[in-house]
Amino acid sequence: MELKNGTAATSKSERRVIPIALASLPIVLFIVLPLTALVIRAWSPGIFTRLVEPDVARAISLSITTTLLTTVLTVLFGTPAALLLSRRRFPGRKLLDTLFDLPVVLPPAVAGLALLMTFGRRGILGPLLTDMNTEIAFTQTAVVLAQLFVSSPLYIRAATAGFAAVDRELEQAAALDGASPTNVFWKVTVPLALPSLTGGAVMTWARALGEFGATILFAGNFPGRTQTMPLAIYMGFEVDFSSALTLALLLLLISFTVLLVVKGLLHQRYFSP
Amino acid sequence: MPFRILLLMLCILLGTGESGLPRPQSREVIVYAAASLSGAFQEIANELAAESQGLHIAFNFAGSQEIVRQLEQGAPADVIALASMDHMRAAVRTGRVDSSTVRIFAHNMLAVIVSSESSRHLATLSDLATPGARIVLAGPAVPAGRYAVQFLEKCEESGKFGRNFKQHVLKNVVSYEENVRAVLGKVELGECDAGIVYETDAKSADSASIREIPIPVEFNVTADYPVALIGDAHDHMSALHFAIELRSARGQSILQRHGFMTVPASEPDETAH
């Protein structure tokens, strides 16, 4: 976009960019350097053949399936909660809002203990679960529950903000034109809030993928059953450092690819002509 | 402006530290020790600190395999005390251990503990193979985990526990923990029916929450605990002081009170090759 007296304006803004760019340099380097270092140290020509090793394959598939399930469940159950928090005023709303922030702030190990105290054999729900002949701790269900607990608040917060930002007048206009509440939701509210919803879902998925502390306490560490990628990397350190490096790089590449794809789809939907 | 420069220079001068001001006599020894040693070592450190002015002993308790990994990555340590000679040999291979200083200072034996809250009422060693029993062990890279597997193999070889005893027991394992204290924790919490830990752990446990199933001597495994000095320790004298204390009469009696088996004065020193 060019101004009438364009020359003066553009050079002034250019001069402003350079100090800002310099000031940003430390943190950009701080994020980029360790990731680059990991790639350099861990990369080897045969790295993709490691994907088929049983322990590695199991850890990867377990991570992918549990995190996908966690994300789906989060969106399913979190969306109504976000709608409630963003639209309705009710006694205790602030408290509920704060409670939802807690799992993000709590150390994951504390989250794991809390889950154990609830769903474990000796937990509050223990006797009930035993009566139903169900055991939750040390199972894949526990892996998903641990991920849900620590990562779903990220989606709920983003979705709440997204819904709150939707112009109520647009919804009211649609209703006036004869749209049912369901149609208003799906055709007006969701599309307008979609960037926040998608961003929140991606954050949930990412947090779930890296979940370690709550998982190891509540679900335990068992290769193939509950040993997700982060657990495999941590335990792998102790057996074989180079193996841990490889797993770490694989996790990095998988995360990067998924994020790139999702962001690409998002941009395509909203920014292409 | 000049005053500010003066202030800055003063801060720099004081900050560099080597300004010739006399320092109080304080010697710090950093000890990396196997998790099972935490109780006994804290007590030994208290005794030493009480009688040696200025001596401060800092501990890092972790699984022995974790300690070897940290050494490999350059972590600052002055003394290491591990739960197996295999791990000490691995530590020596990192190049940071002064191999001439390796000495065994205690022994430990395994213990099978059962949760008091368990509904399974496991009473004998063979009960460990009962289908559905929830057993927790230390991971395969942890000394306690390796000893546990050796113990199960000894049981199976004896023929007294039925065919495939080891396999049946391993089938009951729900989690492989990163250190032996975590195994103890899960059984104490009542979330697992049984676990294999050290005698010292069983002894230190809350007697209301666990029971011990005695292991006949012929099946049990003896764990050797070696101590060694780190080559690049900055205070060799203090580090040596701590290491020597472990084999002294006082140190040995403290270890014994915590359930360790002492080392006879005449026992030949095991040096790592």
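Springs between Cα atoms under 10 Å define the GNM used for chain A, and in it the highest mean-square fluctuation of A:VAL166, A:VAL52, A:VAL32 occurs at A:VAL32. Taking amide H positions as modeled 1.01 Å from N, with prolines and chain starts lacking one, the residues under 5 Å from B:ILE215 and 5 or more places away or on another chain are B:VAL112. Database remark: amide H of B:GLU177 closer than 5 angstrom to the amide H of B:LEU137, B:ALA138, B:GLY139 (H placed geometrically; neighbours at sequence offset of 5 or more, or on other chains; Pro and chain starts carry no H). Show that you can apply the helix-only estimate: for the protein assembly as shown, add -39,500 (n - 2.57) for every DSSP H stretch of four or more residues, divide by all residues, and state [θ] at 222 nm to the nearest 500. Helices in the protein assembly as shown give a 222 nm mean residue ellipticity of -18500 deg cm²/dmol.
Simple rule: put +1 on each Lys or Arg Cβ and -1 on each Asp or Glu Cβ in chain A, find the dipole, and look at A:LEU99, A:VAL262, A:VAL150; the Cα lying farthest toward the positive end is A:LEU99.
Converting phi to 3J(HN,Hα) with the Karplus coefficients 6.51, -1.76 and 1.60 and the offset θ = phi - 60°, the range A:75-87 yields 5, 4, 8, x, 4, x, 5, 5, 4, 4, 5, 8, 10 Hz in sequence order, with x at every glycine or proline.
Along the range A:136-153 the Karplus relation, 6.51 cos²θ - 1.76 cosθ + 1.60 evaluated at θ = phi - 60°, assigns HN-Hα couplings of 9, 4, 6, 10, 5, 4, 5, 4, 5, 4, 4, 4, 4, 4, 8, 10, 5, x Hz to successive residues, with x for each Gly and Pro. Holding the Cα-Cα limit at 32 Å, pick out from B:LYS154/B:LYS203; A:LYS263/B:LYS186; A:LYS12/A:LYS187; A:LYS263/B:LYS171 the pairs that are longer than that. Table pairs above 32 Å Cα-Cα are A:LYS263/B:LYS186; A:LYS12/A:LYS187; A:LYS263/B:LYS171. For B:ALA233, what is the net charge nearby, where nearby means another residue's Cβ is under 9 Å from its Cβ and Lys, Arg count +1, Asp, Glu -1? Overall, the nearby charge balance is -4.
Dipole magnitude for the range B:31-122: about 360 debye, using +1 per Lys or Arg Cβ and -1 per Asp or Glu Cβ, origin at the Cα centre. Computed 3J(HN,Hα) for the range B:211-221, one whole-Hz value per residue from the Karplus formula 6.51 cos²θ - 1.76 cosθ + 1.60 where θ = phi - 60°, is 10, 10, 9, x, 9, x, 3, 5, 9, 6, 10, glycine and proline marked x.
Could you list B:CYS155, B:CYS192 in order of exposure, starting from the residue whose Cβ has the fewest other Cβ atoms within 10 Å?
By the 10 Å Cβ count, ascending, the order reads B:CYS155, B:CYS192.
Close amide H partners of B:ALA33, meaning residues 5 or more places away or on another chain with modelled amide H under 5 Å apart, are B:ASN60, B:PHE61, B:ALA62, B:ALA81.
Computed from the coordinates by the stated procedures, all read-outs in this text should not be read as laboratory data. No experiment lies behind these values; they were computed from the predicted model shown. Please note: Cβ atoms are built from the backbone with ideal geometry, for glycine as well, and neighbour counts cover all protein chains shown.
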